[in-house]
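Asks: Please read through the structure below; I'll follow up with questions.
Every number in this text was worked out from the coordinates using simple rules, so none of it is lab data. What you see is a predicted model, and the numbers here were worked out from it, not measured in a lab. Note: ideal-geometry Cβ built from the backbone for every residue, glycine included; neighbour counts use all protein chains shown.
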Amino acid sequence: MRRAAPIIAIFVVQALCAVFFVSDILSSVLGIRTTPVSWEMRELMEIGAAIGLILGVLLGGLMLRRALRDRNRAEEQLRRASAAFMDLLQERFAEWALTPSERDVALFAIKGMSTAEIAALRSTSEGTVKAQTNAIYRKAGVTGRPQLLSLFIDDLMRDDGAVRAAVSHTGDAA
């Protein structure tokens with residue numbers, strides 16, 4: 001709600017200023033008689049409305065800049081988390097002594113590809129991919145793909161901060 005308040009304020013100010021200008025024009029066009037206002041007061045009202053519109057544009061620009069900065073920051077954090085995940089994958093693959101082929105198959109499996117899709121990508125038979133996935137599961141000490149993926153999720157979420165520390169360290173270099 002805190003971030004919405006300035007947006008609402010800008011919207012209200014700009015709406016009031018627009019209503020002022022539009023109502024003035026419509027009353028002239030439609031011939032609606034209004035109580036005359038001194039020209040000094042009218043000039044002050046028009047200046048106030050113009051200033052309100054200008055402030056709305058400026059504040060809108062500042063908020064757009066902030067939103068873009070926040071988006072860029074989020075993208076950078078996502079990039080760092082992705083790099084940390086890839087580091088974790090490579091670390092586990094090395095621990096389990098996976099062959100290069102098994103590493104490829106494990107990566108595709110973690111990405112959610114089916115056995116047939118992996119076989120097509122690697123130009124091998126589905127039987128070969130099944131044998132490789134069984135070898136991966138055996139070396140990782142799991143019984144299937146869900147448990148394999150769970151190992152990585154557990155590593156990313158563990159409380160000792162090892163992965164988070166790696167992400168923070170990567171952020172210091174950037």
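Asks: So how do 114-124, 34-44 stack up, highest first, on mean other-Cβ count within 10 Å?
Replies: 114-124, 34-44
Asks: Here's something else I'd like to know. Would you kindly state how much longer the chain becomes between residue 154 and residue 82 on full extension, computed as 0.36 nm times their sequence separation minus their alpha carbon distance, in nm to one decimal?
Replies: 24.4 nm
Asks: Using unit Cβ charges (K, R positive; D, E negative) and no other charged atoms, how large, in debye to the nearest 20, is the dipole of segment 1-72 about its Cα centre?
Replies: Here the size comes out at about 580 debye.
Asks: Springs between alpha-carbon atoms under 10 Å, Gaussian network over the chain: tell me which of 141, 56, 31 tops the mean-square fluctuations.
Replies: 31
Asks: So, one more: With the cut-off at 1.5 for a/c, could you classify segment 79-131 from its C-alpha gyration tensor as rounded, prolate or oblate?
Replies: Verdict is oblate for segment 79-131.
Asks: Something else: Between 56, 88, 112, whose Cα lies farthest towards the positive end of the dipole of the chain when Lys and Arg beta carbons carry +1 and Asp and Glu beta carbons carry -1, centred on the Cα centre?
Replies: Positive-end residue among those listed: 112.
Asks: OK, next. What value, in deg cm²/dmol to 500, does the helix sum -39500 (n - 2.57) over DSSP H runs of n ≥ 4 give at 222 nm once divided by the residues of the chain? Intermediate results must be reported in sequence, preceding the final value.
Replies: Numbers: 7 runs with 143 residues, N = 174.
The helix-only estimate for the chain comes to -28500 deg cm²/dmol at 222 nm.
Asks: Shifting gears a bit: Please find the FRET efficiency linking residue 37 to residue 8, where r is the Cβ-Cβ separation and R0 is fixed at 41 Å, and quote it to the nearest 0.05.
Replies: Once the sixth-power term is evaluated, E becomes 0.90.
Asks: Please give the charge dipole size of the chain, origin at the Cα centre, charges +1 on K and R Cβ atoms and -1 on D and E Cβ atoms. Round to the nearest 20 debye. Please report the intermediate quantities before stating the final value.
Replies: Details: 21 positive and 19 negative charges, 43 e Å.
Dipole magnitude for the chain comes out near 200 debye.
Asks: Place the peptides 8-15, 19-26 in order of packing, highest mean first, counting for every residue the other Cβ atoms within 10 Å and averaging per peptide.
Replies: Descending packing order for the listed peptides: 8-15, 19-26.
Asks: Report the label-to-label distance for residue 55 and residue 131 in nanometres (one decimal), using points 7 Å from each Cα along the Cα→Cβ vector.
Replies: In this crude label model, residue 55 to residue 131 measures out at 7.6 nm.
Asks: Could you tell me which of rounded, prolate or oblate describes segment 1-72, using a ≥ b ≥ c as the square roots of the eigenvalues of the alpha-carbon gyration tensor, with rounded for a/c under 1.5 and, failing that, prolate when a/b is larger than b/c and oblate otherwise?
Replies: Judged from the Cα gyration tensor, segment 1-72 comes out prolate (a/c at least 1.5, a/b above b/c).
Asks: Please list the radius of gyration and Dmax for the chain, considering alpha-carbon atoms only, with Å as the unit.
Replies: That works out to 30.7, 90 Å for Rg and Dmax.
Asks: Same structure again: Please give the contour-minus-distance gain from residue 97 to residue 145: 0.36 nm per residue of separation, less the Cα-Cα distance, rounded to one decimal in nm.
Replies: Difference between extended and current length: 15.5 nm.
Asks: Residue 121 to residue 89: FRET efficiency via 1/(1 + (r/R0)^6), r the Cβ-Cβ distance, R0 22 Å, to the nearest 0.05?
Replies: 0.80
Asks: So, one more: Could you list the square roots of 5 times each eigenvalue of the Cα gyration tensor of segment 8-48, that is, the equivalent ellipsoid semi-axes, sorted largest first and rounded to whole Å?
Replies: Values: eigenvalues 86, 42, 8 Å².
After diagonalising the Cα gyration tensor, the semi-axes are 21, 14, 6 Å.
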